[in-house]
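Asks: The structure follows.
The values are calculated or read from the model by the stated rules, or taken from the named source; none is laboratory data. Remember, it's a predicted structure, so these values are computed and weren't measured experimentally. Don't worry about glycine lacking a Cβ; one is built from the backbone with ideal geometry, like all the others, and counts go over all protein chains shown.
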Amino acid sequence: MRSAGASSRSLWRTYADPYRPFPEREVKKVEAKQIVSLCPACDACPVVEVYEEGVRIGEANNQVNLAKAEWNALVEAILESKLTKL
């Protein structure tokens, strides 16, 4: 888990109402459900951020986004020992 001094991460999503002829855009803040640092000793290392719709892994300018199904496949491969330590 991240250190106590680490700030919470969030995403901003833009939603439009398809039933309006000139849809106004609504912006919603999406909070991370869980954040795990890949290096618990500091706040500068990559993190795993779990959101309702998927997972983001990495650090600024070097990130990958995984959908729920992709994340679940990764976790399953690890649990089944298909992926192991290097």
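Asks: Taking only pairs six or more apart or across chains, which ones have beta-carbon atoms under 8 Å, a first residue in region 25-40 that is over 20 Å from W71 (Cβ atoms), and a second residue that is surrounded by 11 or more Cβ atoms within 10 Å (Cβ to Cβ) and at pLDDT 85 or above?
Replies: Sorted first by the residue in region 25-40, then by its partner, the pairs are C39/C45; C39/P46.
Asks: Are there any pairs with C-beta distances below 7 angstrom linking a residue in region 58-76 that is more than 17 Å from S37 (Cβ to Cβ) to a residue that is surrounded by 11 or more Cβ atoms within 10 Å (Cβ to Cβ) and small (G, A, S), with the two at least 6 apart or on different chains, and if so which?
Replies: Short answer, once both residue conditions are applied: N65/G54; L66/G54; A67/G54; K68/G54; W71/G54.
Asks: Taking region 52-86 on its own, how many of its residues are in a strand (DSSP E or B) and exposed (fewer than 11 other Cβ atoms within 10 Å of the Cβ)? Outline the logic, then answer.
Replies: Going residue by residue through region 52-86, those that are in a strand (DSSP E or B) are 54-59, 62-67.
With exposed (fewer than 11 other Cβ atoms within 10 Å of the Cβ) added as a condition, the list becomes 62, 64.
Residues in region 52-86 being in a strand (DSSP E or B) and exposed (fewer than 11 other Cβ atoms within 10 Å of the Cβ): 2 in total.
Asks: Before we move on, is V30 among the β-branched types (V, I, T), at pLDDT below 90 and surrounded by 12 or more Cβ atoms within 10 Å (Cβ to Cβ)?
Replies: Numbers: among the β-branched types (V, I, T): yes; at pLDDT below 90: yes; surrounded by 12 or more Cβ atoms within 10 Å (Cβ to Cβ): yes.
In short, yes.
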